[in-house]
Amino acid sequence: MPRPAPPTTAAARTARPACALLAAGLLATACSPSSDEGDASVLTSLDYNIAEPQNAATAQMLEGCAEQAGVTVEREELPREQLMPRLLQGASQQDLPDLMLIDNPDLPQVAATGALLPLEEAGVSTDGFYPSVLEAGTHDGTLYGIAAGVNGLALFYDTGKLDEAGVEPPETWDDLRSAAEELTSGDTNGLAFSAIGHEEGTWTFEPFFWSNGAELTQVDSPEAVEALELWAGLVEDGSVSQSAVNWTQADVKDQFVGGRAAMMVNGSWQLPVLAEEDVEYGVVPLPVPEAGAEPAPPMGGEVWAVARNGEEREAKAVEVLQCLVEDANMTEWAELNAYVPGKEELARTLAEEDPGMAPFVESVPSARSRTADLGEDYPEVSSALADAIQSVLAGDADPEEALSQAQESVPAS
């Protein structure tokens, strides 16, 4: 759908400073209307789906599931960058909404406060879900969030440009280098991606980083350096514009649609956008270092979580959550957002019915949770990695030097 990858705003980077301000009493906005633990007939919810059609769809699904559970849900929606400060303040004041839709890499910061309900202990069924989807909602071995759908990254290519150049969609890094160079001509770059200096840039780099064997606990490893050298080489030889350091994924899409990029790294949410544009394209999994390797994209998407607001409220909130991830609702949500359903059987059906989604479905089993190794420390490391990418692509540092500096942000094990 036409939104940044869930990733992908500076919210993760600003959450901690905002909390510091909150703790100092400099921000005084309440998290949500105060919940009366004795009244479970009216629940509260919070999400960042302020754009259409997600706004109306979220409201409709919550209303339907609330009716099924015999409650009313009072929903509040906020701009994405305001959500985490609000939730972290609410957690500190024991004033969280009953239901929250949270970008999955932000979940550990809220879960670490102890304010969220462990979902499996509360009886939420995880039958049929991809293990990778469940991992994205897990903190310290406990499931606190569950996704109706997830998204990821793949390689989009202009079929006309590739046919004209006699180039096949690349499968390996070597293929990518040669294809991008061959497709670069005049005002057209062979490839476009987002290398912007926050989570959106890190998110786009992580599939290359992980598929080469690098880990976020050691961001200056030889494997990590090699992945960043790949990106640096593509910029240095002109296959990718240096302006990528300023591009969001929406900007990358504009480059592709405008014919200024023959290929792009982007997310499934762009499929409905491209359907409205005059461009013939194909989608394949992201190239990997060597043939036969599995792509390793970061798991994108939001998870529903439940606050510890008293047994009666928790029980009703769990009923609503279970309804939100029922098969019919999960399928509807995935189709609306161009997401992959969280359940494997539903995802396979979607791939059969919509071939454009097939590369995204294919990558879900090997998709990685960004917070699996670092938990609530992920935003700080992501920020340092984004800074390293920026400095290298701008020509201010070499990959080894930049990643060595980024490693200083990684907490000691």
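Rg then Dmax, both in Å and based on the Cα atoms of the chain: 21.1, 68. Among beta bridges identified by DSSP and lying wholly in the chain, the antiparallel ones come to about 70 percent.
In the calculated pair-distance distribution of the range 236-326, the portion above 22 angstrom amounts to 54 percent of the Cα-Cα pairs. Near the amide H of residue 368, within less than 5 Å, lie the amide hydrogens of 299, all on another chain or at least 5 residues away, with H placed in the peptide plane. Here residue 161 is the anchor, and the lysines within straight C-alpha reach of less than 17 Å, apart from those fewer than 8 places off in the same chain, are 253. Along the range 129-134 the Karplus relation, 6.51 cos²θ - 1.76 cosθ + 1.60 evaluated at θ = phi - 60°, assigns HN-Hα couplings of 6, 4, x, 5, 5, 5 Hz to successive residues, with x for each Gly and Pro. Under a 5 Å amide H cut-off, with hydrogens placed 1.01 Å from N, residue 192 pairs with 263, 264, 265 among residues at least 5 apart or on other chains. Close amide H partners of residue 155, meaning residues 5 or more places away or on another chain with modelled amide H under 5 Å apart, are 284, 286. Overall shape: oblate for the range 35-91, with the ratio a/c of the largest to smallest alpha carbon gyration tensor axis at 1.5 or above and b/c at least equal to a/b.
Only helices enter the 222 nm calculation for the chain: every DSSP H run of n ≥ 4 contributes -39,500 (n - 2.57), and dividing by all residues gives -13000 deg cm²/dmol, rounded to 500. Along the range 102-110 the Karplus relation, 6.51 cos²θ - 1.76 cosθ + 1.60 evaluated at θ = phi - 60°, assigns HN-Hα couplings of 10, 4, 4, x, 8, 4, x, 5, 7 Hz to successive residues, with x for each Gly and Pro. For the range 379-397, no residue has its backbone nitrogen under 12 Å from a point 7 Å from the Cα of residue 408, taken along Cα to Cβ. In order along the range 239-247, the Karplus-derived 3J(HN,Hα) couplings, from 6.51 cos²θ - 1.76 cosθ + 1.60 at θ = phi - 60°, round to 5, 10, 5, 5, 5, 4, 5, 10, 8 Hz, and Gly and Pro are given as x.
Would you mind classifying the range 116-262 by shape? Square roots of the alpha carbon gyration tensor eigenvalues, ordered a ≥ b ≥ c; an a/c under 1.5 is rounded, otherwise it is prolate if a/b is larger than b/c and oblate if not. Prolate is the answer for the range 116-262, as a/c is 1.5 or above and a/b outweighs b/c. Computed from Cα atoms, the angle from the helix 199-211 axis to the main principal axis of the chain rounds to 70 degrees.
Mean separation of Cα pairs under 8 Å and 6 or more residues apart, divided by the residue count, gives the chain a relative contact order of 27 percent. Net charge dipole, the chain: roughly 880 debye, given to the nearest 20, about the Cα centre with Cβ charges of +1 for Lys and Arg and -1 for Asp and Glu. One Cα centroid belongs to the range 362-391, the other to the range 121-183; the line between them spans 14 Å.
A short reminder: the numbers here are calculations on the coordinates, not readings from a lab. Keep in mind that what you see is a predicted model, and the values were worked out from it rather than measured. Using ideal geometry, Cβ is built from the backbone for each residue, glycine included, and neighbour counts are taken over all protein chains shown.
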